[in-house]
Every structure is written in structure tokens, then in C-alpha cells.
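Report on the following structure.
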Amino acid sequence: MFIGPFRFDVALRQLVNTHSAQVLQLSPVEFLVINELILSRGRVVSTQWMRHLTPEQPLSVQEITIAVNQIKIFLGSKHASMIETVSSQGYLLHLKPRKFKIHNSPYKALSVKLVALLMMLSLMFVIFLATHFNASLHHYLPLPDQIAIKDQSVLLPIYHSETERQRLEQRLTAVAGQLALCETLKWHKIYVAVSPSSPTEQLQFVMQANHHQIISDRKTVVINISELQADMAGTWMTRFGFCE
């Protein structure tokens, strides 16, 4: 999937500049935001909708704003206009960069001043982000190991540290083994991450079905680990929509 000259790699969670080969390793929030904008290309995606892209704990408006601005910084001044902030609504990904026109009519003087003020405020905000936050471009999470499940389906565990990888690798490999028991597994890629919560840990699954390398279906499921351990018959796979 492309945004102008930028390729969105879902599997590696990256934006790649096909001209300069520069890569932006997307943070979890940035990945969710850009994926939702691409799926809804040409339509406004409300901020309220984006807040609930993570079912366990809603994103804050500030997290979404920072994610959008980080992505626009990477797109650069020429292509950043493809992501439009729609006042009091949300964000809109355009099919191509927009061209801004400033009219010289005296009746438009106030609008020109307002545009200039907004541009100045935006520049100040970008400077603030650059000096107070580390750009995700310099943060690299370990790439997920692909665990083959069945046919062309894979499980991609997402770890945030090597310690977490060692602690959970055996457990998530066991989950992949259970999924392999499905007679028909309709998902091509199943991302799984562990989120600690009180009093139990939870597994967050993002399942994707691809058609000609385009996401044709997607589903998010959150399951308590204790619930999986108690389900000796393994009925959770059908109950949560993993198996057809």
C-alpha cells in the first residue's frame, strides 16, 4: 500500500520512502493510526473512533495527535498535506497531495491572516515535539519471528524487549500449536502482543485476511491468558473466530 512515494509495510510496521530508502519504524500507535487512515482513504476518520483502536485501554487524543504529526514529519512538506486535520472531527487521508491557494481578494484578508497564524502555531508545535519527544524513527523494536501455523497463515508475536521475548516465547509458541489444530484457519497473519493488566495478563490478537496483498478483512480480539489455560478442550479458537 502506498501514500505517494511512501510504501506502507504492514508486516514490518514500517513506512518506506521508495525514493530515498529512508525507513520509519512505526510505534504501536503510529501503526494503528496510519493503517486506519489507509483503510478509510478518502473518508474522515474521527478521533473518537481512533481512540478505541486499542480495545483494552483507549488512546488519548494527545497520543493520536503526536502519532499523526510524527508521520507527517516523515512524509515531509511535499506530502504531509495528504493527511488533513478536519476541525472538530478527525483526520482524512487524501488520494494525492493537496494544493493550497491563497487569494488576493481584500475580502479574504482575514482568512489569509488566520492561515498564517495556524501555520505559525503548527510550526511551533512541531518544534515543541522535536525538542521534547524522541522521534520513533530512532526506536527499533525487535522484528517479530514468524511462526508458521497452517498453509499460508503465520503468527507474529510482538515483543517490546528481549526479556519479554524470552519470558513469553514458549507460551506463544504453544498458542501457535493450538491454532494449527483448526480445520480451516481463515486468517493469513495473526499479530499477538501481551499486555499486562491487573489481576491477569491479556493477549491482544489482530487478525488479517489478505487478498492480493491488500487487507480484505481484519478483526481484533483480547483474551485473558487465564481463560486460555482453563480451556482444556481448546474451544476458544472457534469461539473467538480463529477457526471457520
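The values are calculated or read from the model by the stated rules, or taken from the named source; none is laboratory data. Everything quoted here is computed from the prediction, not taken from an experiment. Neighbour counts run over all protein chains shown; Cβ positions are idealised from the backbone, glycine included. In case anyone asks, the SASA skips ligands and DNA or RNA and just uses the protein heavy atoms, side chains included. Shrake-Rupley method; radii C 1.70, N 1.55, O 1.52, S 1.80 Å.
Restricting attention to the stretch 61-96, the residues being out of contact with any Pro (no Cβ under 8 Å at 6 or more places or on another chain) and in a helix (DSSP H, G or I) number 16. Reported count of residues in the stretch 14-44, each being part of a loop (DSSP other than H, G, I, E, B), modelled with pLDDT under 90 and open to solvent by 30 Å² or more (accessible area, probe 1.4 Å), is 8.
Within the stretch 168-192, the set of residues being open to solvent by 10 Å² or more (accessible area, probe 1.4 Å), within 21 Å of Ala230 (Cβ to Cβ) and either under 22 Å from the mean Cα position of the chain (by Cα) or free of Cβ contacts under 8 Å to residues at least 40 places away in the same chain (or both) comprises Gln170, Thr173, Ala174, Gly177, Ala180. The residues of the stretch 47-66 that are hydroxyl-bearing (Ser, Thr, Tyr) and closer than 20 Å to Ser122 by Cα, listed by number, are Thr47, Ser60, Thr65. Any idea which residue in the stretch 1-10 is modelled with the highest pLDDT, counting only those that are hydrophobic (A, V, I, L, M, F, W, C) and over 11 Å from the mean Cα position of the chain (by Cα)? Going through the qualifying residues, I end up with Phe6. Taken over the stretch 1-13, the criterion of being part of a loop (DSSP other than H, G, I, E, B) and within 15 Å of Ile73 (Cα to Cα) is satisfied by Gly4, Pro5. Condition test on Lys219, is it at pLDDT 80 or above, within 24 Å of the chain's Cα centre (by Cα), open to solvent by 50 Å² or more (accessible area, probe 1.4 Å) and within 22 Å of Phe31 (Cβ to Cβ)? Judged against the criteria, Lys219 is a match. Applying the criterion of being modelled with pLDDT under 90 and over 17 Å from Ile38 (Cα atoms) to the residues of the stretch 64-88, the residue that is least open to solvent (accessible area, probe 1.4 Å) is Gly76.
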